[in-house]
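First the structure, in the form of structure tokens, and then the observations on it.
The numbers here are math on the coordinates, done by the rules we state, and not lab data. These numbers come from a predicted model, not from an experiment. Every residue, glycine as well, gets a Cβ built from its backbone with ideal geometry; the counts of neighbours run over all protein chains shown.
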Amino acid sequence: MNNEATEQRTPPFLLLLARVWRTVSVPLGAVLLAGLIGAILLAVSGASPLQAYAALIEGSFGDAEAFGRTLEKATPLVFSGLAVAFAFKAGLFNIGAQGQLLFGAIVSAYVGFAVEGLPFFLHAPLALICGAIAAALFGAIPGALKAYTGAHEVITTIMLNFVAINLTDYLADGPWKDTAPGNIVARTPKILETAVIPLFGNIPVGFLLALGMAVIVWWLLWRTTLGFEIRTVGTNPHAARYAGIKVARTVILTMALSGVLAGLGGGVETLGVVGRFQPGFNTGLGFDGITIALLGKTHPFGVIPAALIVGAMKAGASTMQFNAGVAKEITDVIQALILFFVAADVIVRWILRTRQATDEEKVTLSTGWGSQ
């Protein structure tokens, strides 16, 4: 009662600041704690933490070229983070973003090199759309299995990742392989110039597309009937069904749309960075989406700074390696620590002495085994 009275007397802007702090404190605390432990590991290995982190910042934000490289690294992470976060809103844990991203990447590459005679304003969008559709169909499979058989999406998406990896490897080393003289590598031909996503100065246009998609996802989740249904299913599927929401349809559609987002990430990486599909060039981008989604509190706008943080670590890893003599794998360790502290938020909250998150602020990872 006293807490309610205190909140009523507190100015609204202070209440807003308190709520914002409760939302961002755990992600910020996770990054700081991971950086602190990373500094200890660097010191133990004989490197200078200050020199290493200075090199990391220089390699990711030191100049316009470095900043552009950070945005380039962050672009597919925004898409994969949105894919995982979107599924979270329906109580679904989409670990299959990696496989969906691969399908988007290779189908976009195929349209990019096989379809000729189109101008840029048609060719590049067509390649992206085809990749997104392929990823949506692949993402709908675990959604349908969840809806109609109760198969848990964690298991099915993990298994389908292996299907995607092997199938795309086969296509890149088989019917879609680059047959240029002297090529012995498993890869598709280079995409045509009309399918290339360009740079705007040092800013990748793909990053601008990622920002626009974050706005669209936010609008879809909080400003449409479909978004309300998705969030209701994620909160309580039984209550959603009682309210007349078609839970099975919502689950399938959510996984398909999650696949669209992951597929767009793969397509943008192919058309805007790599220039073709080559196995191994997209490894881990879909799995990194889990870190991005959790660090961003599964909010579309939270995904953006989370992706920039991880993208900066990836962009500056090489500079840290050469300037400070540090193995670039240390950034992977720091990223893993960030994920650990975000997942085990009770540790961060205990250190920061922040209040436990409300039900609205908590992340729902899954609706449980066999639920529909």
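From the Kirkwood radius over Cα pairs of the stretch 182-238, Stokes-Einstein at 20 °C and 1.002 mPa s returns a whole-number translational diffusion coefficient of 141 µm²/s.
Quick one, could you list the DSSP H helices from the chain stretching 18 Å or more along their long axis (Cα atoms) with average Kyte-Doolittle hydropathy of -0.5 or above? Please report the intermediate quantities before stating the final value.
Numbers: long enough: 12-44 (47 Å, 1.94); 64-89 (36 Å, 0.69); 97-114 (25 Å, 1.28); 120-149 (43 Å, 1.54); 153-172 (27 Å, 1.21); 205-223 (26 Å, 1.92); 247-269 (33 Å, 1.37); 300-324 (35 Å, 0.98); 330-343 (20 Å, 2.21).
Helices meeting the span and hydropathy rule in the chain are 12-44, 64-89, 97-114, 120-149, 153-172, 205-223, 247-269, 300-324, 330-343.
Before rounding to the nearest 500, sum -39500 (n - 2.57) across all DSSP H runs of length at least 4 in the chain and divide by the residue total; then give [θ] at 222 nm in deg cm²/dmol.
Values: 15 runs with 265 residues, N = 372.
Mean residue ellipticity at 222 nm (helix-derived): -24000 deg cm²/dmol.
Take 334-343, 100-109, 238-247, 32-41 and order them by the average number of nearby Cβ atoms within 10 Å per residue, most first; the result is 100-109, 334-343, 32-41, 238-247.
Averaging the Cα positions of each part gives two centres, and for the stretch 33-107 and the stretch 210-254 these lie 27 Å apart.
Quick one: go through the stretch 59-99 and flag any residue whose amide nitrogen is under 11 Å from the point 7 Å out along the Cα-to-Cβ line of ALA243. Under 11 Å, as judged by backbone N against the label point of ALA243, lies no residue of the stretch 59-99.
Express the C-alpha Rg of the chain as a ratio against the empirical globular expectation 2.2 N^0.38 Å, rounded to two decimals. Against the empirical 2.2 N^0.38 Å value, I get 1.03 for the chain.
Between their Cα atoms, which of LYS190/LYS297; LYS246/LYS297; LYS146/LYS314; LYS190/LYS314; LYS89/LYS328; LYS73/LYS297 are more than 29 Å away from each other? Kindly include the intermediate steps, with their values, before the conclusion.
Numbers: LYS190/LYS297 38 Å; LYS246/LYS297 27 Å; LYS146/LYS314 35 Å; LYS190/LYS314 25 Å; LYS89/LYS328 34 Å; LYS73/LYS297 20 Å.
Among LYS190/LYS297; LYS246/LYS297; LYS146/LYS314; LYS190/LYS314; LYS89/LYS328; LYS73/LYS297, the Cα-Cα distance tops 29 Å for LYS190/LYS297; LYS146/LYS314; LYS89/LYS328.
Taking 0.36 nm per residue of separation and subtracting the current Cα-Cα distance, fully stretching the chain between GLU58 and LEU17 would add 11.6 nm. Peptides 130-138, 182-190 ordered by packing proxy, namely the average of other Cβ atoms within 10 Å per residue, highest first: 130-138, 182-190. Ordering SER80, ASN94, VAL310 by the projection of their Cα atoms onto the charge dipole of the chain, which places +1 on the Cβ of Lys and Arg and -1 on the Cβ of Asp and Glu, puts ASN94 at the extreme positive end.
Would you please put 225-234, 260-269, 311-320 in order of how densely packed they are, using the mean number of other Cβ atoms within 10 angstrom per residue and starting with the highest?
Numbers: 225-234: 18.5, 260-269: 32.5, 311-320: 23.3.
Top to bottom by mean Cβ count within 10 Å: 260-269, 311-320, 225-234.
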